[in-house]
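**Student:** For reference, the structure I am asking about is given below.
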Amino acid sequence: MEAADESVSHASTLPPSLRSQQHCPDSKLGSDAEVHQSLSSPDSSEPVEKWAALPASRIEEILVTEELLSEAKLVFRRSNWAYLYQLLAIALPQILTMSAARKALRDGYVQVDGNKVVGDDDVAPPPGAVVAIRVISVDPLLPGLAKRLDKFNAQTSRPEAQIRILFDDCDAGWAVVHKPAGMHSNPNPCCYGKDALTFEAYLPALLSPPRFGMHCRSPKVCHRLDFRVSGPMVVATSLAAERSLTRAFEQRRIHKEYRAIVCGSVGEVGESFVVSAPIDGLAAETHVEVLRSVPCPFFGTLSELKLWPVTGRRQQLRRHCAIEMGAPIVNEEPALFKAAAPQWAKNHGGAALPPAKKRGAGRLFLQAVEVSIPDPFESKDAAVDAPRVVSVRTEVSKNFEELMRNSALCWAWEQEHGGVCKGEEGKKK
C-alpha cells in the first residue's frame, strides 16, 4: 500500500448522527486472448507502459447454470427463454453491454461448447453448456498521456488543483486519487475537443494495473464528483475491486465528507442538523454541522459547513444548501442561486435574497475532503465486530480560510469607515 502525504487512517470519521475466476481455454478464438493473472514485481516502468504491455484481448469462459438463465429471463422479461447475447450481458456486466455482446456474436468471437456462433439471434444454451467469448482486455491509450498529465499538474502548485494519488493498494487493485475542480469525472457528452480530457482519461498515466487478479480495461472511477468540485475519488484497477466497491456504494457503506462556505446563517456554530428533502423525486438526505461564521458585507454572514451526504443524488449538496436551507454556496450558478430566494426570505423575515456576488475567480466554494471505504477484500468471517475502514483525507483549500478572513476584514472596514469595501474576498479562489 502506498499513500501520499495526505491523511490516511483506518477509522472512519462520520457525522455525529451517523456514528470471477478467469479461464483461458485452448480455442480458436485467438492466440493473443490471454488472461493476465498477475504482474511481475514492482519495477521502474511508468504506469502507462504497464497498461500498454498487457494483452490486447483475452478469453472469458462462462458455465451456463439454471441461476444464470433465470436471472437473464427475469431481467429481460422473457417467459421461457433468453437470447445468448442477453445471457452474456448478465454474466459479464463489467465487460459487456448488450450491444457489445451482439457485436461479438456477429463478429464470430463467441463459441458454445467449442462451436463458433455466427449471428446475434441464437437462444441461450441449456445448463451445463460452456460459452467462451473473446473480449477486449485493455482500452486504447492516448498518445503522450504521461506528458499531458505532467503538463496539467505543472500549471499550478495548489494541491487541490492537481491530479495526484492519495492512497494506492496495487496488490488489491484500488486507489483513491484527487480530482481537481473544472474537470469531468468520466466521459460526458459535454466533453469535446482535443484538450478536454476527463479525470478518468488521465488515470492510466498515474495508476499501474493490479499486481494480482484480473485487471479492468483501464482504471475506473467508482462514483461521481461534480465538474466544479475537487476532492478524493475512489478508483478500481481490478475487476474484483470494481465489483466490491460498486456494491459498497450501492449499499451506502462508503461515506464522504465535504466542506462548503454558504451565503447567510444556517444555525449557531457547533449546531448539527439533518436536511431530508427529495431530489428529482428520489429521497435525499444530508447531515450538516456549522463550523464557524463571520460577518459579510454582501450577505450579512458567511457560514462554513461540514456536509455528509447519506444519499448520492445529482448536485444534492448544492441543491439542499440553496433550496432547502436558503443558503446558496458561494459562487453558485445563477439559476440555483436564485432558487434559494424563497427559503432565504423565510430565514430573514421576508427580506429579499441579495444579488449574487462573484468571489475571486468564481470557483465554487464546495470541496470533498474525506472518503471512508470499507476494505473491499476483508474476509467475511473476520473475527471483528466491524470491517476495517480506510479513511483518506485531503487538506481543505487555503482559499476557504482566505475568504472567511477577508470577509470579516471587509465587514470591519465598512463599520469603521462607513464606506463600501472594494477588496476582493478570497481573490485566489
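**Student:** Can you name every residue in the stretch 226-285 that is surrounded by fewer than 23 Cβ atoms within 10 Å (Cβ to Cβ), among the polar types (S, T, N, Q) and within 14 Å of the chain's Cα centre (by Cα)?
**Tutor:** THR246
**Student:** Now, a different point. Among the residues of the stretch 369-380, how many are at pLDDT 95 or above and either assigned to a loop (DSSP other than H, G, I, E, B) or under 21 Å from GLU242 (Cα atoms) (or both)?
**Tutor:** Summing the residues that are at pLDDT 95 or above and either assigned to a loop (DSSP other than H, G, I, E, B) or under 21 Å from GLU242 (Cα atoms) (or both) in the stretch 369-380 gives 3.
**Student:** Filter the stretch 77-124 down to the residues that are farther than 21 Å from MET214 by Cα, β-branched (Val, Ile, Thr) and open to solvent by 20 Å² or more (accessible area, probe 1.4 Å) and list them by number.
**Tutor:** Within the stretch 77-124, VAL112, VAL118, VAL123 meet the criteria.
**Student:** Let me ask another. Has the stretch 86-102 got at least one residue that is on the phi > 0 side of the Ramachandran plot and either of a type in the set (A, V, I, L, M) or in a loop (DSSP other than H, G, I, E, B) (or both)?
**Tutor:** no
**Student:** Can you tell me which residues in the stretch 149-163 are open to solvent by less than 40 Å² (accessible area, probe 1.4 Å), outside any loop (DSSP other than H, G, I, E, B) and either aliphatic (A, V, I, L, M) or modelled with pLDDT of 95 or more (or both)?
**Tutor:** Listed by number, the residues that qualify are LEU149, ASN153, ALA161.
**Student:** Follow-up question, since we're still on this one. For the structure I just gave you, tell me whether MET214 is open to solvent by less than 40 Å² (accessible area, probe 1.4 Å), at pLDDT below 95 and touching a Leu at 6+ places or on another chain (Cβ under 6 Å).
**Tutor:** Yes.
**Student:** Something else now. With the structure loaded, tell me whether ASP171 is part of a loop (DSSP other than H, G, I, E, B), farther than 22 Å from LEU54 by Cβ and either among the charged types (D, E, K, R) or open to solvent by 30 Å² or more (accessible area, probe 1.4 Å) (or both) or whether it fails that test.
**Tutor:** So ASP171 fails the test.
**Student:** Just one of VAL131, VAL135 is of a type in the set (Val, Ile, Thr) and modelled with pLDDT of 95 or more; which is it?
**Tutor:** The match here is VAL131.
So that you can scan it fast, the table gives a plain yes or no per residue for (1) open to solvent by 10 Å² or more (accessible area, probe 1.4 Å); (2) modelled with pLDDT of 95 or more; (3) not in a loop (DSSP other than H, G, I, E, B):
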{"residue": "LYS306", "(1), (2), (3)": "yes, yes, yes"}
{"residue": "ARG314", "(1), (2), (3)": "yes, no, no"}
{"residue": "CYS321", "(1), (2), (3)": "no, yes, yes"}
{"residue": "GLN367", "(1), (2), (3)": "no, yes, yes"}
{"residue": "ALA382", "(1), (2), (3)": "yes, no, no"}
{"residue": "ASP385", "(1), (2), (3)": "yes, no, no"}
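Let's see how each residue does on (1) at pLDDT 95 or above; (2) out of contact with any strand residue (DSSP E or B) (no Cβ under 9 Å at 6 or more places or on another chain); (3) of a type in the set (S, T, N, Q):
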{"residue": "TYR192", "(1), (2), (3)": "no, yes, no"}
{"residue": "GLU200", "(1), (2), (3)": "yes, no, no"}
{"residue": "PRO204", "(1), (2), (3)": "yes, no, no"}
{"residue": "SER208", "(1), (2), (3)": "yes, no, yes"}
{"residue": "PRO219", "(1), (2), (3)": "yes, no, no"}
{"residue": "PRO232", "(1), (2), (3)": "yes, no, no"}
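**Student:** How many residues does the stretch 125-148 hold that are open to solvent by less than 20 Å² (accessible area, probe 1.4 Å) and in a loop (DSSP other than H, G, I, E, B)?
**Tutor:** 3
**Student:** Right, here's the next one. Mind checking which pairs have a first residue in the stretch 105-123 that is closer than 19 Å to ARG78 by Cβ and a second that is open to solvent by 80 Å² or more (accessible area, probe 1.4 Å), Cβ under 7 Å, 6 or more apart or different chains?
**Tutor:** GLY119/ARG106; ASP120/ARG102; ASP120/ARG106; VAL123/TRP81
The values are calculated or read from the model by the stated rules, or taken from the named source; none is laboratory data. The structure displayed is predicted, hence computed values, not measured ones. Please note: Cβ atoms are built from the backbone with ideal geometry, for glycine as well, and neighbour counts cover all protein chains shown. The accessibility values were calculated without ligands, DNA or RNA, using every heavy atom of the protein model including side chains. Shrake-Rupley method; radii C 1.70, N 1.55, O 1.52, S 1.80 Å.
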